[in-house]
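A short reminder: the numbers here are calculations on the coordinates, not readings from a lab. From a predicted model like this one, the values you see are computed outputs, not experimental measurements. Methodologically, a virtual Cβ is constructed for each residue, glycine included, from the backbone with ideal geometry; neighbour enumeration extends over all protein chains shown.
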Amino acid sequence: MIRHMPRTFEELVAEAEQVPVEGWDFSWLEGRATEQRPSWGYQRAMGERLARVSAALDIQTGGGEVLAGAPRLPRLMAATESWPPNLEKATRLLHPLGAVVVADPDEPPLPFADAAFDLVTSRHPVTVWWEEIARVLRPGGTYFSQQVGPASVFELVEYFRGPQPEEVRRRRHPDDARRRAEAAGLEVADLRFESLRTEFFDIGAVVYFLRKVIWMVPGFTVGEYRERLRDLHERIRDEGPFVATTTRFLIEARKPGAEPGSVPASGP
């Protein structure tokens, strides 16, 4: 029987440093990390809503993977993205489906006219400009979004950055999202929150995650954090997976007014 030697710290880190990180596809982590999914099934629920409207916008679409998974897109479908590698990937993926991808710096204003969309969606936006969302929604239109909650994966963040102040840990709280949505004139129809389990099985998964989700440890490089990475590698090797808590919330908010025009799910 052939026994395979465990991969070394240097091998795992070198591999993870070379993997492309554009887009929002985490399939490279299969078998190396797990993340419990929220119970509400965002992509399915988003797809159901897209099938009922005639014009929609997906903000911060990443590489377009989530939007492309919808069974049916409306007649007018737009998406925005700021990072050039993601723009290229989203364009290749979404254009054949009839969606236009627009370069946008993720700062106001959105490059669309007032009351342009029946539905605005966004999965894990980095920033949310509520006044702009309200502006581009038609009366009766809906904003539907799954967002990262407060102190998400902070066990990993604080391993590298040390204890974070309470005001940092509280950022992205769903109560704040409700307050800001209502201040922008939207009515919150649904707001749900869940704490979920995430596990990292090797140090390569940690390196890849921090390279991809760049706001977790801003400015992260292997060179700067090599010793902390080595210590974590030994901890995972000796004690098992590094466990962190992921937080997510779902928010659905409606712009007051008459219901916007829609198309039947079976329409052309």
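So the values come out like this:
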| item | result |
| --- | --- |
| In segment 52-64, the residues that are buried (at least 20 other Cβ atoms within 10 Å of the Cβ) and charged (D, E, K, R) | D58 |
| Residue that is surrounded by the most Cβ atoms within 10 Å (Cβ to Cβ) [pool: residues in segment 26-51 that are farther than 30 Å from R7 by Cα and polar (S, T, N, Q)] | Q43 |
| Of residues in segment 46-72 being hydrophobic (A, V, I, L, M, F, W, C) and assigned to a helix (DSSP H, G or I), the one farthest from the chain's Cα centre (by Cα) | L50 |
| Filtered residue count, segment 129-147, keeping only those that are of a type in the set (A, V, I, L, M, F, W, C), buried (at least 22 other Cβ atoms within 10 Å of the Cβ) and touching a helix residue (DSSP H, G or I) at 6+ places or on another chain (Cβ under 9 Å) | 2 |
| Some residue of segment 112-119 being charged (D, E, K, R), in contact with a Gly (Cβ under 6 Å, 6 or more places away or on another chain) and either surrounded by 18 or more Cβ atoms within 10 Å (Cβ to Cβ) or within 30 Å of P256 (Cα to Cα) (or both) | yes |
| Residues of segment 213-231 classified as closer than 25 Å to E22 by Cβ and either surrounded by 13 or more Cβ atoms within 10 Å (Cβ to Cβ) or of a type in the set (D, E, K, R) (or both), total | 10 |
| Matching residues in segment 174-189 - criterion: being surrounded by 14 or more Cβ atoms within 10 Å (Cβ to Cβ) and over 21 Å from R37 (Cβ atoms) | R178, R180, A181, A184, G185, L186, V188 |
| Qualifying residue in segment 73-96 (condition: surrounded by fewer than 13 Cβ atoms within 10 Å (Cβ to Cβ), without any contact (Cβ under 8 Å) to a residue 60 or more places away in the chain, assigned to a helix (DSSP H, G or I) and of a type in the set (K, R)) | yes |
| Qualifying residue in segment 44-61 (condition: touching a Pro at 6+ places or on another chain (Cβ under 6 Å), touching a residue at least 24 places away in the same chain (Cβ under 8 Å) and among the polar types (S, T, N, Q)) | yes |
| Residue count, segment 135-153 (criterion: more than 27 Å from V213 (Cβ to Cβ) and either within 15 Å of the chain's Cα centre (by Cα) or without any contact (Cβ under 8 Å) to a residue 60 or more places away in the chain (or both)) | 1 |
